[in-house]
1. Just give me the residues in segment 294-329 being of a type outside the set (A, V, I, L, M) and touching a Leu at 6+ places or on another chain (Cβ under 9 Å), in sequence order.
2. Of these, Lys2, Lys70, which one is at pLDDT below 85, surrounded by 13 or more Cβ atoms within 10 Å (Cβ to Cβ) and either assigned to a helix (DSSP H, G or I) or in the same structural domain as Ala244 (by TED's automatic domain parsing) (or both)?
3. Suppose we keep only residues that are closer than 30 Å to Lys240 by Cα and not in a loop (DSSP other than H, G, I, E, B) within segment 164-206. Which one would you say is modelled with the lowest pLDDT?
4. Quick one: count up the residues across segment 71-98 that are more than 17 Å from the chain's Cα centre (by Cα) and more than 20 Å from Val44 (Cα to Cα).
5. Answer with yes or no whether Lys114 is at positive phi and out of contact with any Cys (no Cβ under 7 Å at 6 or more places or on another chain).
6. Scan segment 7-14 and give yes if some residue there is in a helix (DSSP H, G or I), within 28 Å of Trp341 (Cα to Cα), modelled with pLDDT under 90 and not assigned by TED's automatic domain parsing to the domain that holds Met276, otherwise no.
Amino acid sequence: MKFKKLIITVMIVTMGLILQGCSKGETTKTVEAPAKTVEEKTIVGEVDGKSITLADVYATDLKKKIKELKTKYGEDFATTQDAASKKAFNTSKEQYLNTIVEKTILFKKAAELKITPTEEALTTAVDARITESKANYETEAAFTADLATYGYTLDTLKVAFREQEIGQTVVKYLTKDVKITDEAIKKYYEANKETFVDPETVMTRHLLFKTEAEAKAIDAKIKNKTTTFDTLFKQYEGNKVKVAAATASPADKLLPISEDLGEVPKINTNYDPDFMAGLNTLTAGQVSSPVKSSFGYHIIEAKAIKASVKRTLDAEVTASIKAHLLNVESEKIYKAKIVEWKKEYNVKLFLDVLNK
């Protein structure tokens, strides 16, 4: 279980295939494609006359969002009368439908503008991003296990990165003439100086258990010095791979795991709020009692705490401001173009059907 978010989006478009087979002296035989599901028949959008189905929307990262909604609202969140769960689900479906629309438009524009990267360039870029992603993990197995946690394989991750590279090529083409001046950078820094602070962070490790009873039993052993947090951390280190493996048995899936999360900012929306609440009560060197989160029950160790530090307008801050201002200007241009291109390609969204 990893708390860091993977900033990727995988789009897997469902395609119906008709397989034909023939041999000398035989008439051609057609093997009928499997009957379409309701989702494959349900059209929820169009781009340039090409239909987008409900199945296409469900084949995106929406499946991960559904897992989050089940955790928050329960297994029957999609059929419950609870207004919050329905709104959250409908909003997610609309977001992923729009993602498909924009991806389709970007691919079309890349082809029209003749700026689609070559297969060789895409392969090189994707391989570089895979290498960069793996560098965040101690072992290949840990990287693979984390992919599985988020519902990816190496192949689907490559697809995601490939699609992003094509989309980003169009965005770069649109924004190639945007310039950010030194004066604009200085003005932004002066207006937002209080935000340029390296936040207070906690060197964090944790043990994660599926049940409260197991977490409490281990907590008691640590407190009565029958064992230590460090001993248990080393004991559980190999369990994450077992838990995430495709061949994991029911028993494997219940194994406790340990993770070194590195420096965790005390103010951090990328982590479970209950986990952060438990972490932020600890002093340096302290180990928590069991903390319940949406992932299970944690015993958390704050190895060390680093104080916040105010930043000057150094090279790193200058670069970050320039990148931010470039993103702001680029987003304005991109949004305006997407509106224009949606009209050009006669985009239609059937939200009443999508949210039925």
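1. Matches in segment 294-329: Phe295, Gly296, Tyr297, His298, Glu301.
2. Exactly one of Lys2, Lys70 is at pLDDT below 85, surrounded by 13 or more Cβ atoms within 10 Å (Cβ to Cβ) and either assigned to a helix (DSSP H, G or I) or in the same structural domain as Ala244 (by TED's automatic domain parsing) (or both), namely Lys70.
3. Out of the qualifying residues, it is Gln164.
4. Here the count works out to 12.
5. On the way: at positive phi: yes; out of contact with any Cys (no Cβ under 7 Å at 6 or more places or on another chain): yes.
Yes: the conditions hold for Lys114.
6. no
Condition check ((1) charged (D, E, K, R); (2) surrounded by 15 or more Cβ atoms within 10 Å (Cβ to Cβ); (3) in contact with a strand residue (DSSP E or B) (Cβ under 7 Å, 6 or more places away or on another chain); (4) within 27 Å of Thr144 (Cα to Cα)) across all residues:
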residue: Ile218; (1), (2), (3), (4): no, yes, yes, no
residue: Lys225; (1), (2), (3), (4): yes, no, no, no
residue: Lys234; (1), (2), (3), (4): yes, no, no, yes
residue: Ala246; (1), (2), (3), (4): no, no, no, yes
residue: Glu259; (1), (2), (3), (4): yes, yes, yes, yes
residue: Thr269; (1), (2), (3), (4): no, no, no, yes
residue: Phe275; (1), (2), (3), (4): no, yes, yes, yes
residue: Gly278; (1), (2), (3), (4): no, yes, yes, no
residue: Ile300; (1), (2), (3), (4): no, yes, yes, yes
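The values are calculated or read from the model by the stated rules, or taken from the named source; none is laboratory data. From a predicted model like this one, the values you see are computed outputs, not experimental measurements. Virtual Cβ from ideal backbone geometry, glycine too; neighbours counted across all protein chains shown.
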